[in-house]
Structure formats: C-alpha cells, structure tokens
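Following: one structure in structure tokens, then a few remarks.
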Amino acid sequence: MSFRSSTSSFRRSLALGCALFAAVWAALELARFPRTAFWGGRKLAQKVVALEAFERTGPVDVFVVGPSFVDQGFDAARFTAVTGKRCFNLGVSGTDMYFQSLLVRELVLPGRTPEAVLWGLRDEVLSRSNINRQYLAAPALAWARGPLGRFGPVLGQYLPHYHRRRITDWWGELFPAADEEVVDAQGRTVLATATRQERQAEREDAGDAGADGASGNEPADDRREEEATGGGFLAEDYAIELAPAEEHVEATLRSLRDAGIRGWFLLTPYYRAVFARHSKYAQALLLGGQADYSAWLERLGRELELPVLDLHYCQEISDHEPYFFDSRHLNGAGSEALGELLGKLYSGARPTPEAWLGTPSRAQRAAIFGHAPPATAPTLPTGVPQPLAAALGFGPGGKLLDAYARFAIERAGTYELVLIDRESRAHSGAYFVRLGPEPYRQVVPPGVPESRSSFGAFELEAGEQIFELHSRTGAPIDWDEVLVAPASRP
C-alpha cells in the first residue's frame, strides 16, 4: 500500500513538474525572448526575433549584412520608404566577412529568395575578436550544417536549454534598463545616445587615432561589441586563415549570382576628420596598407558584376558631424541619411557618381588632399633638374601643398627622385611621394640644411610615369627643382 502510494505520488509530482515546465516554456516562447545561447550572441538573437515578426507580413526583398557600421548605421525602414522594397538590417556588431558569409549562405538564403543582398564592409576581411569567435561557435551554424538542412535552425532554436541565462540576464530581460539599446522592427540597433562620450572625431582630427579604429589597432566596431559583452581581443588567429576565408566569401557571392540575387559591396561613411592628410588613416590608405584588400574587392566586382560602392567619404554625410556616433559610426540621424541615399542609388532614382565606385574611391583621395585627382599634368623631361613650379600645383593662398607632373621615361630601369633647394635650407615635416604606378611612399627629410635631398629610387617602365608630391603635415613644399634621373650604380 505504501509502495503504491509513493509511486502514485511520484507520478503526480512528475506530471505536475512536466506541466509546470511546459507552461514556463510556452510562456517564454510567447514572450519572444531572444535565444542568445543558440545564435551565439544577443544582437543576432534579437534580430532573428525581429526578422520572424517582419516576415509574418511578407518576404524580405533586400537583406543588408555587415558589422556595426551596418548594425547601427543603416536604417532599413528609410530604405524601404524610398524604394518600396521590404528591407531588413541583419548587420551584427563585431563580426567579420567570414562570419557574415556563413550567415548569408547557411542562415539567410536557405528557404528565401531575396532580390538583393547589400554587404557592408570593414576595412579588412577577418576579425580576431572574442565576440566574432563566439558567433562562429554558435549552435545555429552547427544545426544549419546538420541533417535537417535549412530546417535545422528553425527547429533547433526551440529547444528549451537555449533559453538558459544568468540571473542578472533574466532580470535584464524582464526589467530592461531605460538606456538599453533595442533592435527596431527592421533590424537596426537604436543607440541610447547620439554620440560617444569621448569624441572620437576630435581625436581623429588631432591625428591620434589608429588606422583601424579610434585608438590602438582595435577596430572600433569590435571594441564597441566587446565593451558590451565583457570580451576582449585574442592574441592569435583562431578561426580560419585569410585565403580560405576569401574563398568562402567568393563562393557565397557566386551562389547569390547563380540564384539571380543582386549583390553589392558597401563601405559606409566616415566623418570628414578621418581624412585629414596627417591622420593615420590617410597614411595607411596612401601607403598601400589596404592595397591587397582593395584589389581583391575590385576583382570580385569585375568578375561577378557587383558594384563596389565606397562611401567612406560621402560629402553629404561625411561633412555633417551630427550624423556620427563617433568618427566611423553613424548614429540614428546618420543611419536615416544613409538609408535614403542607398535607396535612391539602388532604385536608380539617383545615378551613382564615378567618384564613389571602386576602393579606395576617388572621393577619399579628394577628401585627403582637398581636391580631386587631376586628369592631366604637365610632362617633364628626365636627366636634368626641372622647376617645381612647372608641375601642376595646389594649395591655399599661393602655398604649395600638392604637386603633379609626368616624366617621360625613355628606357626602363631604376630612377632616383631628387628635390633641389638652391638656398640649402633645412626642411622639416613629412611628404607623400609617388613616382610610377606603385603606392605612395612617406619621406621625412633629415631636417638639416642641404641643397639636394633624395626621395628614393623607383623601378620604372618606359613611357610617361606619374609624379606626385604631397605635404603630409600641411607645411608648404618649398624646394625649387625636381630631378628624375637614372640611379647611379654603386
């Protein structure tokens, strides 16, 4: 009797526990809490919830993917209003192109046929941040590669253990802070403030910011996500090498083309101060720090017939400080401006200027030097000094800051570039110099009085070769003559 009573009591308790568990699970599903553990991070989990709600009223025509430049900086609702195309922002802060390629191929395209995918880019392919690794290790990607295929993530996310959270996280879900950043109905992260407390634009203007972000070598979008997650940067590469990552991206783009889906590459606007000629960003760009990356993007653009739209310097946005959260990230007002601009370009309501096509764009060069690269320049002979005044010069108030010319090279070989000063003055500062097709070099004169200063040797082919000389610091170029002559043999 006692045994049967205990068994019956156990069964009732088990049934009650199961019913309670089912009720709690159902309540969680009805509440639509993001499944952070399944998707690898809160931001993507929130966007999946928003996407599911958005797709209940119709399919998505245009997806936009990318890092935080897209996540907070692209207003899909504004794009929709301009184009009439249902657009969703699937940008995820702190992620790199490899993860975004996985996201598109494994989680976005299966079961969907959008009209286009706009791909917002960082200034590099890979990121070594912990948050990116966390997303790469997400169960969602494992389920997508499993036997259920595209249905794997759809079904797997409903398993109850993917709702696990710390007590503090549950408190945040139930009682969100007043300044919590939320995801809007079309996927954009709505910032709690219009600007960073520390004005990165001012630091960039002072030349203190690094080439990859506002300080040091950490990309700003990674730092922003790491600050929010308590993560940090890894000391080693952890996921994949560059070559296979690029191959994965190329394969994803080909799958878009084969499915008849338009692809766009997009570099989002930076604040004008980033392009000061003395900034580290300008230095990295001109000295070829992004040359391999840019050449890869442009090759993909040619082979796959997709636009490479470089809006890093877009005057109507970049010149307006109220549009920027920091020097490289747009805020809410800026995201609306970008959404409207891209909507007009995408729909054809506005033609795309040639200065924005390809990367680095002509617009970036114009922002750094204050004028567009000239189409022509005087041709000068080699072997004898030429007046620097014979070159095409630019600068305010008669002050020469930039000089352009072409030199007629009769025979291929090694040539030396020499600047001559008849008064033998000391020259300080730094200069960007280019002779031939290679990237610029930075030259710093010794700072002592001298009549001739060598700016280096260059390997040149026969024919006309471009010559450019630019002051990096804003100090005037005050040499008298320029000489391009065959380098003397040792």
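The values are calculated or read from the model by the stated rules, or taken from the named source; none is laboratory data. It should be emphasised that the depicted structure is a prediction, and the values quoted were computed from it without experimental measurement. Reconstructed Cβ throughout: ideal geometry from the backbone, glycine too, with neighbour counts over all protein chains shown.
Before moving on, here are some points about what is shown:
- Of the numbered criteria (1) more than 27 Å from Tyr293 (Cβ to Cβ); (2) outside any helix (DSSP H, G or I), the one Ser93 fails is (1).
- Some residue of segment 449-472 being surrounded by 17 or more Cβ atoms within 10 Å (Cβ to Cβ) and in a loop (DSSP other than H, G, I, E, B): yes
- Every pair of residues 6+ apart whose Cβ atoms lie under 7 Å, when the first sits in segment 46-72 and is farther than 15 Å from Val190 by Cβ and assigned by TED's automatic domain parsing to the domain that holds Arg86 while the second is among the aromatic types (Phe, Trp, Tyr) and part of a loop (DSSP other than H, G, I, E, B): Val64/Phe74
- Segment 242-262 residues that are more than 16 Å from Glu303 (Cα to Cα), paired with ones that are modelled with pLDDT of 95 or more and assigned to a helix (DSSP H, G or I) (beta carbon under 7 Å, 6 or more apart): Ala245/Met97; Ala245/Tyr98
- Single residue of segment 96-115 satisfying the filter (polar (S, T, N, Q) and part of a helix (DSSP H, G or I)) that is surrounded by the most Cβ atoms within 10 Å (Cβ to Cβ): Gln100
- Those residues of segment 351-370 which are of a type in the set (S, T, N, Q) and within 15 Å of Leu286 (Cα to Cα), in sequence order: Thr359, Ser361, Gln364
- Search result, residues across segment 291-334 that are more than 12 Å from Ser361 (Cα to Cα), in contact with a Pro (Cβ under 8 Å, 6 or more places away or on another chain) and without any contact (Cβ under 8 Å) to a residue 60 or more places away in the chain: Gly301, Ile317, Ser318, Tyr323
- Residue in segment 62-70 that is crowded, with 24+ Cβ neighbours inside 10 Å and farther than 26 Å from Thr193 by Cβ present: yes
- Filter result for Val433 (without any contact (Cβ under 8 Å) to a residue 24 or more places away in the chain, surrounded by 14 or more Cβ atoms within 10 Å (Cβ to Cβ) and either in contact with a Cys (Cβ under 6 Å, 6 or more places away or on another chain) or under 29 Å from Tyr293 (Cα atoms) (or both)): no
- Residue in segment 398-422 that is nearest to Trp479 (Cα to Cα), counting only those that are of a type in the set (Ser, Thr, Tyr) and surrounded by 18 or more Cβ atoms within 10 Å (Cβ to Cβ): Tyr404
- Considering segment 383-397, the residues that are assigned to a strand (DSSP E or B) and out of contact with any His (no Cβ under 8 Å at 6 or more places or on another chain) include one that is surrounded by the most Cβ atoms within 10 Å (Cβ to Cβ), namely Gln386.
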